[in-house]
Amino acid sequence: MSSGLFKLECLSPVHVGSGADLIRSVDFYADGGFTEVLDPNLLLLAAGAVEGFADAIRRGNGVAPFLKTRGLNPATFRLHRLQGSIEAQRLRLAIRAGDGGR
């Protein structure tokens, strides 16, 4: 089997997704003109330390309000902060967009 160096030129923008779905009020929430994407690993740590966490998720009350009522700042559990408010109920997590952004 031979090997070689190849150059691939894309003729259109490329979107590479991870396949992960983000769910509004669980994985992300809008706050003051920004969208906060939460870190699932940090949330899992909080879930073990904060009583009622799993019940709040099952009831659909949302992670951010639940954390706020417990005196915790939801932004400390943030993975990313995006400018603008995303109102969609579900998002697909992207690794890289076609314009080179993330």
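Output the residues belonging to the stretch 32-46 that are within 11 Å of Gln83 (Cα to Cα) and either among the polar types (S, T, N, Q) or in a helix (DSSP H, G or I) (or both).
Across the stretch 32-46, the qualifying residue is only Thr35.
How many residues, within the stretch 28-74, are within 23 Å of Arg92 (Cβ to Cβ) and free of Cβ contacts under 8 Å to residues at least 60 places away in the same chain?
21
Each reported figure results from applying straightforward, stated rules to the coordinates on display, with no laboratory input. It should be emphasised that the depicted structure is a prediction, and the values quoted were computed from it without experimental measurement. So basically every Cβ, Gly included, is an ideal-geometry build from the backbone, and we count neighbours across all protein chains shown.
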